[in-house]
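Please read the structure below before turning to the comments.
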Amino acid sequence: MILFSVLIVLLLIILAFVVFTGIRIIPQNMVGMVSVLGKYQRQIQPGLHVVMPFITRVDRVDLAQVPLRLSEQSVISRDNAEVIISLSLNYHVTDPYKFTFENADSVKSMVQQSRAHLRGIIGTMDLKEVLNGTERINAALSKELGSITDAYGVNVDRINIDTIQPTPEIQESMNKQINATREREAAIARAEGEARSIELTTKAQNDALVSTAEANAKAVRLAADAEAYRIQKANDILSTVDANYLVAQNIDAFRDVAKSPANTVIVPNTAIDALGELKVAGQLLNTNQK
């Protein structure tokens, strides 16, 4: 009786163990890939499931988006410049069957394809384009992976270039080039500034010379005009002087000439009248000058 009871208990324990080993719980955002004796049978959804123990295997496949950061990668640009690039991406499983059974490691295959395509894309770009073309690289890489990763049962939702860093040698060469460019631009700016300063100084000097010359010419013209005006006024006055007045002036003028230290003064008859006019004109001019 006791032996029978022990056997019953053992059977219950074995049965409970068998039932327990046949229970599978699939969490949310996952599916279960059921294989019996190594052969795929069906796909089970999230929840509690009972399968045949020992001969059944259930592989869980996560359907949620997964972030993945790739290790740094050295690539060569079209102008033979080496750069170090770090890459990250987000992916999710689109086909659990392909992801589980058609590829030994779909994630590893996706990473290898990403690296290979990245090398190909960078190889078509110059270093300057690489450093300034992050968005272009991301778009090209996403396009290339979109047509390939479907075979792995995954989809790359987002891919991003985290860092692009030239090697120390390339960075040193770039720094030298940048410094040389800055020095050249500074020298050009200084030369242009000096040329502009000389141009402005020369223009100012020329303007001053022109202004001075114009002022002198204007002064000469004014003086000439004034002199011509005085002469014209004197002539106008002479033309209106009474003849008797000129005769008196002739006598006075002749007297003055006679008083000169010369012993003999010979004056033509026609010049006697001119002496008076000269004296009158001289007096008029002297009066205007005063």
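The values are calculated or read from the model by the stated rules, or taken from the named source; none is laboratory data. Everything numeric in this text was worked out from a predicted model, so none of it was measured. Cβ placement follows ideal geometry from the backbone for every residue including glycine, while neighbour counts extend to all protein chains displayed. Protein only, heavy atoms only, side chains kept; ligands, DNA and RNA dropped before computing areas. Shrake-Rupley method; radii C 1.70, N 1.55, O 1.52, S 1.80 Å.
For every other residue with a beta carbon closer than 15 angstrom to the beta carbon of Arg57, add +1 if it is Lys or Arg and -1 if Asp or Glu, then tell me the sum.
Local charge sum for Arg57: +3.
Run through all the Cα pairs of region 1-51 and give the fraction in each 5 Å bin from 0, expressed as whole percent.
Answer for region 1-51: a P(r) of 5, 18, 17, 17, 12, 9, 8, 7, 5, 2, 0 percent.
At 1.4 Å probe size, with every protein chain present, just tell me what the per residue accessible area of region 199-241 comes to in Å².
Each residue of region 199-241 exposes 78 Å² on average to a 1.4 Å probe.
How do Ile2, Ile8 stack up against each other in accessible area, from largest to smallest, with a 1.4 angstrom probe?
Largest to smallest exposure gives the sequence Ile2, Ile8.
Can you give me the % of accessible surface on region 114-240 that is carbon or sulfur? Probe 1.4 Å, all protein chains present, nothing else counted.
Reported share for carbon and sulfur atoms: 54 percent.
Run the 1.4 Å probe and let me know the accessible area of Met52, rounded to the nearest 10 Å².
For Met52, the solvent-accessible surface is approximately 120 Å².
Excluding ligands, DNA and RNA, what is the solvent-accessible area per residue of region 6-165 at a probe of 1.4 Å, expressed in Å²?
Result: 58 Å² per residue.
Run through region 1-87 and list the chymotrypsin sites (Phe, Trp or Tyr not before Pro) located in a DSSP loop whose Cβ has at most 16 other Cβ atoms within 10 Å.
Phe54
At 1.4 Å probe size, put Thr56, Thr124 in order of accessible surface, largest to smallest.
Ranking Thr56, Thr124 by accessible area, largest first, yields Thr124, Thr56.
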